[in-house]
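Read through the structure below, which is laid out as structure tokens, and then see the notes.
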Amino acid sequence: QVQLVESGGGLVQPGGSLRLSCAASGSIFSINAMGWYRQAPGKQRELVAAITSAGSTNYADSVKGRFTISRDNANNMVHLQMNSLKPEDTAVYYCNADIWSEEHPFVGDYWGQGTQVTVSS
């Protein structure tokens, strides 16, 4: 089955950096848009960054200038470089991808299990 697995989360001090990675696996025909979402306790899940198959990007206003999304099409991966981290960035970060595979007749929406990012001194 198609799976998305995130890695790279952890505990970091304010002003520090983390790099999140997401790898897609399974019987994949193609991957269209990919993105990162985050959800803090008691809050709604929000889009952090997205990237198309052609490399066009979009960011939430709160992370512009600090986060960079990129993808490695040869390895079905997407990354999120997070710099100048703030306590308000603390959340579970989820990978999302629009994937055509044997599991879905057209394009399916897939989510990873999430990885915890904690920014605290």
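The values are calculated or read from the model by the stated rules, or taken from the named source; none is laboratory data. In this text the structure is predicted, and so the values were computed from the model without any measurement. With ideal geometry, Cβ positions are generated from the backbone for all residues, glycine too; neighbour counts draw on all protein chains shown. With ligands, DNA and RNA removed, areas are computed over all heavy atoms of the protein, side chains included. Shrake-Rupley method; radii C 1.70, N 1.55, O 1.52, S 1.80 Å.
Note down all Cβ pairs under 6 Å where the first residue falls in the stretch 23-34 and is on the phi > 0 side of the Ramachandran plot, the second is of a type in the set (A, V, I, L, M, F, W, C), and they're at least six residues apart or on different chains.
GLY26/VAL2
Take the conditions modelled with pLDDT of 95 or more, buried (at least 19 other Cβ atoms within 10 Å of the Cβ) and over 14 Å from the mean Cα position of the chain (by Cα) and apply them to LEU20. Does it pass?
no
Of a type in the set (Lys, Arg), open to solvent by 70 Å² or more (accessible area, probe 1.4 Å) and under 14 Å from VAL119 (Cα atoms): does that describe LYS64?
It is false that LYS64 is of a type in the set (Lys, Arg), open to solvent by 70 Å² or more (accessible area, probe 1.4 Å) and under 14 Å from VAL119 (Cα atoms).
Which one of these does VAL107 not meet: (1) more than 11 Å from the chain's Cα centre (by Cα); (2) aliphatic (A, V, I, L, M); (3) buried (at least 17 other Cβ atoms within 10 Å of the Cβ)?
With respect to (1) more than 11 Å from the chain's Cα centre (by Cα); (2) aliphatic (A, V, I, L, M); (3) buried (at least 17 other Cβ atoms within 10 Å of the Cβ), VAL107 is out only on (3).
Only residues that are open to solvent by 50 Å² or more (accessible area, probe 1.4 Å) and touching a residue at least 60 places away in the same chain (Cβ under 8 Å): list them for the stretch 71-97, please.
Answer for the stretch 71-97, where residues must be open to solvent by 50 Å² or more (accessible area, probe 1.4 Å) and touching a residue at least 60 places away in the same chain (Cβ under 8 Å): GLN81, ASN83, SER84, LYS86, PRO87.
One residue is enough: does the stretch 49-56 have a residue meeting the conditions part of a loop (DSSP other than H, G, I, E, B), open to solvent by 60 Å² or more (accessible area, probe 1.4 Å) and over 25 Å from GLN1 (Cβ atoms)?
yes
Search the stretch 110-121 for residues being open to solvent by 60 Å² or more (accessible area, probe 1.4 Å) and not in a loop (DSSP other than H, G, I, E, B), and hand back the single one that is nearest to ALA23 (Cα to Cα).
TRP111
Restricting to the stretch 49-61, and then to whatever is at pLDDT 95 or above and not hydroxyl-bearing (Ser, Thr, Tyr), can you tell me which residue is nearest to GLN116 (Cα to Cα)?
The selected residue is ALA49.
Filtering the stretch 28-48 down to residues that are in a loop (DSSP other than H, G, I, E, B) and at pLDDT below 95, which residue is most open to solvent (accessible area, probe 1.4 Å)?
Looking at the filtered set, the residue picked out is PRO41.
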